[in-house]
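Asker: Would you mind keeping the following structure in view while I ask a few things?
The values are calculated or read from the model by the stated rules, or taken from the named source; none is laboratory data. It should be emphasised that the depicted structure is a prediction, and the values quoted were computed from it without experimental measurement. With ideal geometry, Cβ positions are generated from the backbone for all residues, glycine too; neighbour counts draw on all protein chains shown.
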Amino acid sequence: MWTRAELKYRAREALRGNYWKAFLVSLVIMIATEGLGGGSGRAGHDEISSSGGSFFGSIGSLEWAAIIAAILGFLATIFVISLALQIFVMNPLEVGGRRYFIRTAQYLDNSGCFRFAFNGQNYLGIVGGMALKGLYLFLWTLLLIIPGIIKSYAYRMVPYILADNPNIGAGRAIELSERMTYGHKFDIFILDLSFLGWYLLGLLCLLVGGLFVKPYEYATNAELYLTLRRNAIESGYCTPWELNLYDPVHDEYDL
């Protein structure tokens, strides 16, 4: 069993002397998983309102149909481009970032983690695994919000598993993540909530202070994965070979 205090202590220790590099990597993960955000302004609203009556009144039904079709086509194009960007760029970036924090937590060489994610066979396995995870989450969320949230915790370890072995197979990565998180979902939820105070404090720092909490959160989640990974191996849910943990040079397992 694990405790929040233990995971966070190990995360803080791993970040010592390594924080700013971890900060940059955490920005990449945040962009890949949460986006940049932003909102829309009201520029030109009054001008449109003042002249809208005469303008729209002069448009016939055929013109309206053409305008609507153009708008729908534009939105569909934006959606397809965004989806492709997420699948083929953002997801591998996330897995590369997760690998960085896994390696950092183990005090191993953490260079080249993004290159690892985009390298040949690794890239294809990551794209497939993360795409299937996203599809499953989408379908579960279509049922109801609550099942979608529960499954998001069940699939939490998929990018970490792919960071260990990108070629484990999409279905196997999801299955193993569900095994790892079984009986731990509520505890992981509480772990997430434990960072809420830090983020609220960060909001007081020009609304960007929360960014500096991200390395701590991601490092803690990496420690969680290492704990759940060890439990899964000891419980027989997977083998060290399956997660590329066997070191043939030293004839030992890197757990």
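Asker: Tell me which residues, restricted to the stretch 91-114, are assigned to a helix (DSSP H, G or I) and of a type in the set (A, V, I, L, M, F, W, C).
Answerer: Taking the stretch 91-114 as the starting set, the residues that turn out to be assigned to a helix (DSSP H, G or I) are 91-105, 113-114.
93, 95, 101, 102, 105, 113, 114, listed by residue number.
Asker: For the stretch 1-90, which helices (runs of 4 or more DSSP H) that fit wholly inside it have 1 or more residues that are at pLDDT 95 or above, surrounded by 10 or more Cβ atoms within 10 Å (Cβ to Cβ) and polar (S, T, N, Q)? It would help to see each step written out before you state the result.
Answerer: Values: elements: 4-15, 19-34, 45-57, 61-85.
Where helices (runs of 4 or more DSSP H) fall fully within the stretch 1-90 and carry at least 1 residues being at pLDDT 95 or above, surrounded by 10 or more Cβ atoms within 10 Å (Cβ to Cβ) and polar (S, T, N, Q), they are 19-34, 61-85.
Asker: Shifting gears a bit: Among helices (runs of 4 or more DSSP H) lying entirely in the stretch 145-255, which contain 1 or more residues that are modelled with pLDDT under 95 and over 25 Å from residue 15 (Cβ atoms)?
Answerer: Values: elements: 145-154, 158-164, 170-181, 185-193, 196-203, 214-234.
Fully inside the stretch 145-255 and qualifying: 145-154.
Asker: Under 6 Å between Cβ atoms, at least 6 apart or on separate chains: pull out the pairs that start in the stretch 177-196 with a residue that is more than 9 Å from residue 154 (Cβ to Cβ) and end on any residue that is modelled with pLDDT under 95 and part of a helix (DSSP H, G or I).
Answerer: Taking only residues 6 or more apart or on different chains, not a single pair turns up.
Listed here are the residues, each with its yes/no results for (1) more than 19 Å from residue 17 (Cα to Cα); (2) surrounded by 19 or more Cβ atoms within 10 Å (Cβ to Cβ); (3) in contact with a strand residue (DSSP E or B) (Cβ under 6 Å, 6 or more places away or on another chain).
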| position | (1), (2), (3) |
| --- | --- |
| 92 | yes, yes, no |
| 97 | no, yes, no |
| 100 | no, yes, no |
| 104 | no, yes, no |
| 108 | no, no, no |
| 123 | yes, no, no |
| 126 | yes, yes, no |
